[in-house]
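> A single structure is presented below for examination.
The values are calculated or read from the model by the stated rules, or taken from the named source; none is laboratory data. On a predicted model such as this, the values are computed, not experimentally measured, just so you know. Positions of Cβ are backbone-derived with ideal geometry, glycine not excepted, and every protein chain shown enters the neighbour counts. SASA here: full protein model, heavy atoms, side chains in, ligands and nucleic acids out. Shrake-Rupley method; radii C 1.70, N 1.55, O 1.52, S 1.80 Å.
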Amino acid sequence: MPVITLTEVPALTHELAQRVRAAGFRPDLLVYIETGARLVAWELCREFGVSGLPAQARRRGHGLKRRLAFVTARLPAAVTSALRKLEERSGVHRRTRRAVEFVATCDLRGKAILLVDDADDTGGTIAAVREELARQGADPALVRTAVLTATTPEARKVVDFYVRERNSRLPWSSDSPEREAALEQFERCRPAAP
């Protein structure tokens with residue numbers, strides 16, 4: 001399984017920003033999935049000179065991975081890679097509904113919004129947040145999506161911009177040796193709220 005390191009995140013995020021710019025999209029606001037996309041959002045907010053609105057998107061059973069992180073962090077990389085593939089192929093994320101909540105509020109009407117996550121497997125989280133943005137007054141025609149990794153053909157159909165096409169171990173993943181450093185950086189790198 002490919003590994004994305006903490007030192008690679010700024011360059012990959014810059015590449016993602018270049019793809020957004022090349023398409024002619026200029027966001028007025030960035031909405032990001034907390035916490036996985038926080039570092040990506042922080043970098044993109046700096047690139048575009050915009051603020052970031054965090055969104056919580058929770059699946060039923062959310063937290064199981066977090067509660068088992070101390071176990072998965074000690075497993076060999078080959079085992080955690082196999083578990084990721086099994087999770088991806090099981091389709092479990094396609095069947096679970098997500099509850100979406102914005103951590104803060106702002107007027108979304110008429111704003112070009114870049115919706116950001118770290119990775120997309122099924123499009124479920126992106127779709128749920130898009131729906132909530134529309135309920136909150138955002139114009140769906142003005143919303144674009146960006147992720148570092150679109151891991152499946154389904155994800156690549158629903159995400160507008162991405163830089164990697166495979167499931168990758170991200171620095172903040174529970175099985176990453178960089179997890180602690182990434183979590184410390186999360187605390188220092190919070191996008192400015194609108």
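> Exactly one of these conditions fails for Phe186: (1) out of contact with any Leu (no Cβ under 6 Å at 6 or more places or on another chain); (2) at pLDDT below 95; (3) of a type outside the set (Lys, Arg); (4) not in a helix (DSSP H, G or I). Give me its number.
Phe186 satisfies all of (1) out of contact with any Leu (no Cβ under 6 Å at 6 or more places or on another chain); (2) at pLDDT below 95; (3) of a type outside the set (Lys, Arg); (4) not in a helix (DSSP H, G or I) except (4).
> Consider Leu30 against the criteria (1) modelled with pLDDT of 95 or more; (2) closer than 18 Å to Phe102 by Cβ; (3) out of contact with any Pro (no Cβ under 9 Å at 6 or more places or on another chain): it satisfies all of them except one. Which criterion is unmet?
(3)
> With open to solvent by 20 Å² or more (accessible area, probe 1.4 Å) and without any contact (Cβ under 8 Å) to a residue 24 or more places away in the chain as the only criterion, which of Ala192, Ala134 stands out? Working first, answer last.
Values: Ala192 fails: without any contact (Cβ under 8 Å) to a residue 24 or more places away in the chain.
Answer to the selection: Ala134.
> Here is a list: Arg98, Arg46, Arg74. Which entry is more than 29 Å from Thr7 (Cβ to Cβ) and at pLDDT 65 or above? Give the steps one after another, and end with the answer.
Details: Arg46 fails: more than 29 Å from Thr7 (Cβ to Cβ); Arg74 fails: more than 29 Å from Thr7 (Cβ to Cβ).
Answer to the selection: Arg98.
> Same structure again: Report the residue count in the range 97-123 for those that are within 12 Å of the chain's Cα centre (by Cα) and either more than 15 Å from Thr152 (Cα to Cα) or open to solvent by less than 20 Å² (accessible area, probe 1.4 Å) (or both). Give the steps one after another, and end with the answer.
Applying the first criterion (within 12 Å of the chain's Cα centre (by Cα)) to the range 97-123 yields 114-121, 123.
Checking which are either more than 15 Å from Thr152 (Cα to Cα) or open to solvent by less than 20 Å² (accessible area, probe 1.4 Å) (or both) leaves us with 114-117, 120, 123.
Looking only at that region, the number is 6.
> Here is a follow-up. Return only the number of the condition from (1) open to solvent by 20 Å² or more (accessible area, probe 1.4 Å); (2) at pLDDT 90 or above; (3) more than 18 Å from the chain's Cα centre (by Cα) that Leu83 does not satisfy.
Only one criterion in (1) open to solvent by 20 Å² or more (accessible area, probe 1.4 Å); (2) at pLDDT 90 or above; (3) more than 18 Å from the chain's Cα centre (by Cα) is unmet by Leu83, namely (2).
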